[in-house]
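The values are calculated or read from the model by the stated rules, or taken from the named source; none is laboratory data. Fair warning: this is a prediction, and the values are worked out from it, not measured in the lab. Glycine gets a Cβ as well: all are built from the backbone with ideal geometry, and neighbour counts include every protein chain shown. These accessible areas exclude ligands, DNA and RNA; they are computed on the full protein's heavy atoms, side chains included. Shrake-Rupley method; radii C 1.70, N 1.55, O 1.52, S 1.80 Å.
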Amino acid sequence: CRDSEGELHEIGSSWRTNDCLRCSCLKDGIDCCTDYATPSDYDREKCISIFNKVTCTYKVVEKDDHSKVCPVRGWVA
(Lines give C-alpha, C1' and ligand atoms only; values in the text may rest on other atoms or scores of the structure.)
Protein backbone atom coordinates (compact mmCIF):
# COMPACT_ATOMS: atom_id res chain seq x y z
CA CYS A 1 0.00 0.00 0.00
CA ARG A 2 1.18 3.51 -0.74
CA ASP A 3 -0.05 6.14 1.76
CA SER A 4 -0.92 9.78 1.03
CA GLU A 5 2.71 10.80 1.63
CA GLY A 6 4.00 8.24 -0.88
CA GLU A 7 5.40 5.83 1.72
CA LEU A 8 5.01 2.11 1.04
CA HIS A 9 3.57 -0.25 3.68
CA GLU A 10 3.42 -4.04 3.72
CA ILE A 11 0.05 -5.83 3.67
CA GLY A 12 -0.95 -6.50 7.27
CA SER A 13 1.04 -3.58 8.69
CA SER A 14 -0.40 -0.61 10.58
CA TRP A 15 0.87 2.88 11.44
CA ARG A 16 -0.18 6.23 12.89
CA THR A 17 -0.24 9.30 10.64
CA ASN A 18 0.78 12.85 11.57
CA ASP A 19 -2.96 13.63 11.75
CA CYS A 20 -3.54 11.02 14.50
CA LEU A 21 -5.13 8.42 12.26
CA ARG A 22 -4.46 4.70 12.75
CA CYS A 23 -4.09 3.12 9.31
CA SER A 24 -3.80 -0.48 8.18
CA CYS A 25 -2.64 -1.87 4.85
CA LEU A 26 -5.13 -4.47 3.63
CA LYS A 27 -5.25 -6.50 0.40
CA ASP A 28 -7.99 -4.15 -0.85
CA GLY A 29 -6.11 -0.94 0.08
CA ILE A 30 -5.64 1.30 3.10
CA ASP A 31 -8.18 1.62 5.93
CA CYS A 32 -7.80 4.56 8.36
CA CYS A 33 -9.75 5.75 11.41
CA THR A 34 -9.13 8.16 14.26
CA ASP A 35 -6.71 6.90 16.90
CA TYR A 36 -8.14 8.88 19.81
CA ALA A 37 -11.31 9.38 21.83
CA THR A 38 -13.15 12.70 21.86
CA PRO A 39 -14.69 13.99 25.10
CA SER A 40 -18.47 14.23 24.68
CA ASP A 41 -20.01 14.70 28.11
CA TYR A 42 -18.52 17.46 30.26
CA ASP A 43 -19.49 20.92 31.52
CA ARG A 44 -19.12 22.96 28.30
CA GLU A 45 -19.95 26.24 30.04
CA LYS A 46 -17.09 25.91 32.52
CA CYS A 47 -14.61 23.76 30.57
CA ILE A 48 -12.92 23.36 27.18
CA SER A 49 -11.28 20.41 25.46
CA ILE A 50 -7.74 20.85 24.14
CA PHE A 51 -6.26 18.43 21.60
CA ASN A 52 -2.57 17.51 21.84
CA LYS A 53 -1.42 16.54 18.33
CA VAL A 54 1.85 15.07 19.65
CA THR A 55 0.16 12.52 21.95
CA CYS A 56 -3.14 12.35 20.00
CA THR A 57 -5.16 12.90 23.16
CA TYR A 58 -7.68 15.41 24.52
CA LYS A 59 -7.43 17.15 27.87
CA VAL A 60 -10.51 18.83 29.34
CA VAL A 61 -9.70 21.80 31.55
CA GLU A 62 -11.42 24.81 33.07
CA LYS A 63 -11.65 27.76 30.67
CA ASP A 64 -10.33 30.21 33.28
CA ASP A 65 -7.58 27.97 34.66
CA HIS A 66 -6.03 25.39 32.34
CA SER A 67 -4.21 23.79 35.28
CA LYS A 68 -7.55 22.45 36.61
CA VAL A 69 -8.81 19.29 34.93
CA CYS A 70 -12.57 18.87 34.45
CA PRO A 71 -14.37 15.55 34.89
CA VAL A 72 -15.50 13.87 31.67
CA ARG A 73 -18.49 11.53 31.87
CA GLY A 74 -18.40 10.24 28.29
CA TRP A 75 -16.01 9.74 25.37
CA VAL A 76 -16.60 8.95 21.68
CA ALA A 77 -14.03 6.85 19.85
Practice task
State whether the residues of segment 8-30 include one that is at pLDDT 95 or above, open to solvent by 60 Å² or more (accessible area, probe 1.4 Å), of a type in the set (A, V, I, L, M, F, W, C) and in contact with a Cys (Cβ under 6 Å, 6 or more places away or on another chain).
Solution key: yes
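This table checks each residue for (1) more than 30 Å from Gly6 (Cα to Cα); (2) surrounded by 13 or more Cβ atoms within 10 Å (Cβ to Cβ).
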position	(1), (2)
Pro39	yes, yes
Glu45	yes, no
Tyr58	no, yes
Glu62	yes, yes
Asp65	yes, no
